[in-house]
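Here the structure is laid out as structure tokens; the discussion comes afterwards.
The values are calculated or read from the model by the stated rules, or taken from the named source; none is laboratory data. Everything numeric in this text was worked out from a predicted model, so none of it was measured. Ideal geometry is used to build each Cβ from the backbone, glycine not excepted, and the neighbour counts take in all protein chains shown. Remember, those area values only see protein heavy atoms, side chains included, never the ligands or the DNA or RNA. Shrake-Rupley method; radii C 1.70, N 1.55, O 1.52, S 1.80 Å.
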4 protein chains.
Amino acid sequence: MLYFDTDYNNGLHPLLLQRLSETNDQRTIGYGFDEFSIKAKQKIREACECPGADVFLLTGGTQTNSTVISSLLHAVEGVVCADTGHINVHEAGAVEYTGHKVIALPNHDGRLKAEDLDRCLTEFAADPTADHCVRPGMAYISFPTEVGTLYSASELDALYQTCQKHQIPLFIDGARMGYGLTSDASDVTLPYIARHCDVFYIGGTKVGALCGEAVVFPQGNAPRHFFSIIKQHGALLAKGRLTGVQFDALFTDGLYLKIARHANQQAKRLRDIMTRNGLRPYNDSPTNQQFFIIPNEMIKKMEQDVVFETWGCYDEEHTTCRFVTSWATTDDELGALEKVIRGIGS
Amino acid sequence: MLYFDTDYNNGLHPLLLQRLSETNDQRTIGYGFDEFSIKAKQKIREACECPGADVFLLTGGTQTNSTVISSLLHAVEGVVCADTGHINVHEAGAVEYTGHKVIALPNHDGRLKAEDLDRCLTEFAADPTADHCVRPGMAYISFPTEVGTLYSASELDALYQTCQKHQIPLFIDGARMGYGLTSDASDVTLPYIARHCDVFYIGGTKVGALCGEAVVFPQGNAPRHFFSIIKQHGALLAKGRLTGVQFDALFTDGLYLKIARHANQQAKRLRDIMTRNGLRPYNDSPTNQQFFIIPNEMIKKMEQDVVFETWGCYDEEHTTCRFVTSWATTDDELGALEKVIRGIGS
Amino acid sequence: MLYFDTDYNNGLHPLLLQRLSETNDQRTIGYGFDEFSIKAKQKIREACECPGADVFLLTGGTQTNSTVISSLLHAVEGVVCADTGHINVHEAGAVEYTGHKVIALPNHDGRLKAEDLDRCLTEFAADPTADHCVRPGMAYISFPTEVGTLYSASELDALYQTCQKHQIPLFIDGARMGYGLTSDASDVTLPYIARHCDVFYIGGTKVGALCGEAVVFPQGNAPRHFFSIIKQHGALLAKGRLTGVQFDALFTDGLYLKIARHANQQAKRLRDIMTRNGLRPYNDSPTNQQFFIIPNEMIKKMEQDVVFETWGCYDEEHTTCRFVTSWATTDDELGALEKVIRGIGS
Amino acid sequence: MLYFDTDYNNGLHPLLLQRLSETNDQRTIGYGFDEFSIKAKQKIREACECPGADVFLLTGGTQTNSTVISSLLHAVEGVVCADTGHINVHEAGAVEYTGHKVIALPNHDGRLKAEDLDRCLTEFAADPTADHCVRPGMAYISFPTEVGTLYSASELDALYQTCQKHQIPLFIDGARMGYGLTSDASDVTLPYIARHCDVFYIGGTKVGALCGEAVVFPQGNAPRHFFSIIKQHGALLAKGRLTGVQFDALFTDGLYLKIARHANQQAKRLRDIMTRNGLRPYNDSPTNQQFFIIPNEMIKKMEQDVVFETWGCYDEEHTTCRFVTSWATTDDELGALEKVIRGIGS
């Protein structure tokens, strides 16, 4: 069986596994005060060029989103995002569970547009009934987006300027941050991200770790008692070393970006394979998630040999499907995938 | 000054005031166990032809919506409504504050369509990622809607059948119920409402009372401990007689419907006045809320003599405005309104 | 039947009823922006000697407590109170429903002691595991307490200084504020209250109104968007005049204090009646709630003629019972009560 | 430095590490549907002798407690526990954050007594104001307790019968379950636990895993949509294999109990060392957490060589301290500890 369903269908990158093994016998204090976590946070600060940043290591994406968002929103505030935003669709209402509305605006190939955000905020400010409404209290975007697309440096800049104009924080969900940073199509770096938002996280789970997301408040601007907030959300690991060791390894010798770059390259090859075999891409994703419009009868045949995700109905005879690469995707697997497709085509 | 801004710009109907005065010296037990509340509930059961109904008297609309909705939804469930639904727009996120998502579908002149609801529920059931999503756990509609429109008997029936097919409850927000029941355009009665949903409320605040909404679970199907839930939501009046006496009076000799009928008649006259003076209606509201498309410069002049609500931008030169009648709207006021408009027009 | 169960078993004070009647026909804007509410708030500011105070009119006590408390607490904070505090016992978990812990300390005849509060806060600050605990984020006391007792001026001062030392706000629940201010045993005035806490409310429901509690932030220190917070909690009356007119009347010509003084005097007479007929007081309440230790067999007999509350088991043969007076308690009723008791005794 | 502060100051047990390494290259589906998780759950069912049990693997203790408790409680219900209960003290208000009160009863050496629970539930049922109060909706105990003590089989039975009598579920927090099951002082087995509660969890984090808690609903009685509830709480691992592989290993060849037994044996030796060197035990803990009353000046000296927890002030001159053993505690470490203590004593 060939697995292209996700970037979390594998274990952890061998170098991370090695570090977990090497450090296993050391005794450390808990809750993220171990030396590995401390080193990891310092390396993340350096990679972000934010010496004063507050860094916290959490376990998963939904958890991170609801913890960060609820900590930033005041009473009667909601979070603005694209209607395709992960928090609006695939987090089982985790944000609403914390008491806050998700205010969804139309997406543009997965992206939230600065103009739309500005209009939303401007109209709210002018609405005579605003005090009876949920206040748009922060903006949330994903980089890359849920459909693999990216924000350019100037788009990010426009979004952040809009947020600053209206005095609300911008939060960037970087569950797949690495793939965005290392995409050929990207003109954005980690320090650029850090300079263009109020808080973001660097995803580990989907970029080579077993689990772990590193939340960064670039200006040391974490909400007070954020450690306790993490605890209250059930997001605090007793053995903080689990994420500490992994992020320490990910941010040593540029491993995080290497992992992501490899996956992006394999995604490009995958895209070539698909298109040269007649399968239409659904969009222009330049990252490790690739979407294709596939005839329904072909899907059935492919599923005998390949695991991938059906993303949504395209038309009566086609379905949009997602294929994802990771640190573990080999050339052999790609070759085998092409064989499968050709076998069906013939 | 002429007031057409709302149906709650006045005090309470004189007969209700009289009853409050007459009963003021009586001692009663609190929290809705007084004789007036008990009688009011019995009369409501009779008016609804639901002898086994559970009836509770709350104070206001937003309070009632969030109390009822949160009591019916299970974990990870949300409430489906039209995007114009009061709970989605003008309740400051009260539903989300209880931890549940409002799932907004496109409105059709303020209405939720049974087909849209069915599609939403059917697609959810078929979604392979459904377990990562908020479950549509109940449906909410307003009768009349927020733009004064109505559901026909067959539309209500279709909605309720859809809910039953998918095994979710239907909740009808009747903040202005009376105006819907007594509209010339309506083929729906209170017993019909009671037979076509799982819970609804009969609005008092906007139909002649000082405050008060009567929640009806027609089949005696109130969630267990609903009294305590009301208390927990801060919605329990110590002096329950305040709503008890008023609803007792409203449901004596058909006063509730009389009040509403009067307001609807005045609304019709208002509509005639507006149209014969060249002002375009925004929609076909057959109830006491009337919407007109008014030139912006005319609005400024009207506002010197008339209080009304600007509802939203229509185009660059026009604004949609809302005019509302009530039990207290007199012929004189309507005459004076026409004079004002003619004065501006000339 | 004689009613001594509560101070909310009657309607509203005749002068309030008169004002509701007189103003009923006036048109006003809604949501507390009517002229009556505005005047009421101004009179409250004057009575409190707080010209810059933010004043809001809500409907009931539990609602007010949960709205105010949740608006003041930050993430992972709880509210400290005496274990007899209303929020800890009789509000159906309304505070916890907003996501915050009630931290109960032992009561001293209903009172929270400054020393206990100081110890709690000092120990928390010194606790090495504090970041894993709920932070004591504000203090709540009731004046008078739930058992009718009072804080002296110096006790209030000590509590407020403790709060200031630890930089947490002090909130005074004044559901029965009037009875505390006018008690012979009290050396506290409304301006003194206003100078010795961060927020308090002046109860109307239990002091002559049909409903209504006036929240006062003495230093104009209401949390931002408090109006919207009220709305979100379902605590905003559309016809704000209902509470506006009543509080306007209550704070005209000292009516609020007159009502309370009368009830206190009747409570004193009631206490005399009880004790001279051999019934032991449970505590030294100097306000309108009086508690007595009554033989169980006597209770059964009294209940045939008198409505009162059994408060709790005292010993195997006695029960603590509560008797409450109000603006409406007449001399005749007290006389009749004495007759009943003598009848049983003989 | 010698570490006796916790049982989570180390990495994972070598056999678990080996299994993580061996399985790392396999591709699996996510979210706990991988073959390792499936096998782990099956082995847990067998170990519990509950073939129909629902089993879910979560990450940490606080997360598990708030997810399980909030899923079981209905509106206006709270959870009853000993005042020393972890959920009442050291989870930063995670339960209250879900909207529910923690109802704390006095502990008996860390234990909740069936008599106390019965009295609480009986008194609530008899309380005439019960509908204004938080309903005790479930009971929570820890096995072992937070101070290392145990419930005997008959105590567990009494608690469960009390819960059944009052028709509320019993939840057992087994963060350190293994140490309880393998204690010489215990007459309780895993199947016995499973037959004497409605839900419990088997702690992994503190018993040899890097992270992971296995929630067991013995009768297949998980609340509906519990998977989505886990997701909503941010408690769902994308790479479910992380906990799956570990629990699979823990429940292979009795490893879980072996790990716990070793720690208990070392705890006994530690206790002997302490007592024969004149240090008084604080209580009779028969598990891997040991508490001692240590002179304050001695603590300062010990801290130069040993990491342990100060648990609380005992008297002016003594502090209660906690020492904890784990799978990783060696004889050498215990020997070194004794040397340190003797060095100080001399």
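Would you mind listing the helices (runs of 4 or more DSSP H) fully within region D:1-76 where at least 3 residues are within 9 Å of chain A (Cβ to nearest Cβ)? Answer list for region D:1-76: D:14-23, D:61-72.
Checked against the criterion of being among the aliphatic types (A, V, I, L, M) and more than 25 Å from C:ASP332 (Cα to Cα), the candidates C:ALA214, C:ALA267 yield just one match: C:ALA214.
Looking across region D:213-260 at every residue that is within 14 Å of another protein chain (Cβ to nearest Cβ) and assigned to a strand (DSSP E or B), the one that is nearest to D:LEU58 (Cα to Cα) is identified as D:GLU213. Can you tell me which residue in region B:234-256 is nearest to the chain's Cα centre (by Cα), limited to those that are of a type in the set (Phe, Trp, Tyr) and open to solvent by less than 10 Å² (accessible area, probe 1.4 Å)? Applying the filter and picking the extreme gives B:TYR256.
Within region D:101-115, if we keep just the residues that are open to solvent by less than 40 Å² (accessible area, probe 1.4 Å) and hydrophobic (A, V, I, L, M, F, W, C), the residue that is nearest to the other protein chains (Cβ to nearest Cβ) turns out to be D:VAL102.
Out of D:GLY174, D:GLY203, D:GLY208, D:GLY180, one residue alone is more than 9 Å from chain A (Cβ to nearest Cβ), under 29 Å from D:VAL324 (Cβ atoms), surrounded by 24 or more Cβ atoms within 10 Å (Cβ to Cβ) and without any contact (Cβ under 8 Å) to a residue 40 or more places away in the chain. It is D:GLY174.
Exactly one residue out of D:VAL55, D:VAL80, D:VAL89 is modelled with pLDDT of 95 or more and either more than 20 Å from the chain's Cα centre (by Cα) or open to solvent by 40 Å² or more (accessible area, probe 1.4 Å) (or both), and it is D:VAL89. Taking region D:1-49 as the range and being in contact (Cβ under 8 Å) with a residue 60 or more places away in the chain, small (Gly, Ala, Ser) and under 22 Å from A:ARG241 (Cα atoms) as the test, only D:GLY11 passes. The residues of region A:183-194 that are within 22 Å of A:MET138 (Cα to Cα) and either touching a residue at least 60 places away in the same chain (Cβ under 8 Å) or crowded, with 24+ Cβ neighbours inside 10 Å (or both), listed by number, are A:LEU190, A:PRO191, A:ILE193, A:ALA194.
The single condition from (1) farther than 17 Å from D:LEU57 by Cβ; (2) open to solvent by less than 10 Å² (accessible area, probe 1.4 Å); (3) acidic (Asp, Glu) that D:ASP198 fails is (2).
Results for (1) hydroxyl-bearing (Ser, Thr, Tyr); (2) touching an Asp or Glu at 6+ places or on another chain (Cβ under 6 Å); (3) open to solvent by less than 10 Å² (accessible area, probe 1.4 Å); (4) in a strand (DSSP E or B), shown as yes or no for each residue.
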{"position": "A:GLY278", "(1), (2), (3), (4)": "no, no, no, no"}
{"position": "A:THR287", "(1), (2), (3), (4)": "yes, no, yes, no"}
{"position": "A:PHE291", "(1), (2), (3), (4)": "no, no, yes, yes"}
{"position": "A:LYS300", "(1), (2), (3), (4)": "no, no, no, no"}
{"position": "A:TRP311", "(1), (2), (3), (4)": "no, no, no, yes"}
{"position": "A:SER326", "(1), (2), (3), (4)": "yes, yes, yes, no"}
{"position": "A:THR329", "(1), (2), (3), (4)": "yes, no, yes, no"}
{"position": "A:ASP332", "(1), (2), (3), (4)": "no, no, no, no"}
{"position": "A:VAL340", "(1), (2), (3), (4)": "no, yes, no, no"}
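Selection of region B:117-154 for residues being among the β-branched types (Val, Ile, Thr) and within 11 Å of B:GLY180 (Cα to Cα) yields B:THR145, B:THR149.
On the stretch given as region A:128-161, residues that are open to solvent by 30 Å² or more (accessible area, probe 1.4 Å), touching an Asp or Glu at 6+ places or on another chain (Cβ under 7 Å) and more than 14 Å from chain B (Cβ to nearest Cβ) total 1.
For region B:313-324: of the residues being over 15 Å from B:ALA263 (Cβ atoms), more than 14 Å from chain A (Cβ to nearest Cβ) and in contact (Cβ under 8 Å) with a residue 12 or more places away in the chain, which is surrounded by the most Cβ atoms within 10 Å (Cβ to Cβ)?
Going through the qualifying residues, I end up with B:TYR314.
When you look at A:ASP118, is it acidic (Asp, Glu), farther than 25 Å from A:THR287 by Cα and away from every other protein chain (no Cβ under 14 Å), yes or no?
Yes; evaluated as a whole, the condition is true for this residue.
Do we have D:CYS197 as in contact with a helix residue (DSSP H, G or I) (Cβ under 8 Å, 6 or more places away or on another chain) and farther than 19 Å from D:PRO106 by Cβ here? Criteria met by D:CYS197. Of all residues in region B:212-233, those satisfying the criterion of being crowded, with 22+ Cβ neighbours inside 10 Å and in contact with a Gly (Cβ under 6 Å, 6 or more places away or on another chain) are B:GLY212, B:GLU213, B:GLN232.
Condition check ((1) over 24 Å from the mean Cα position of the chain (by Cα); (2) basic (Lys, Arg); (3) farther than 23 Å from B:PHE33 by Cβ) across all residues:
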| site | (1), (2), (3) |
| --- | --- |
| C:LEU270 | no, no, yes |
| C:ASN288 | no, no, no |
| C:PHE292 | no, no, yes |
| C:ILE299 | yes, no, no |
| C:VAL307 | no, no, no |
| C:TYR314 | yes, no, yes |
| C:THR325 | no, no, no |
| C:ARG342 | yes, yes, yes |
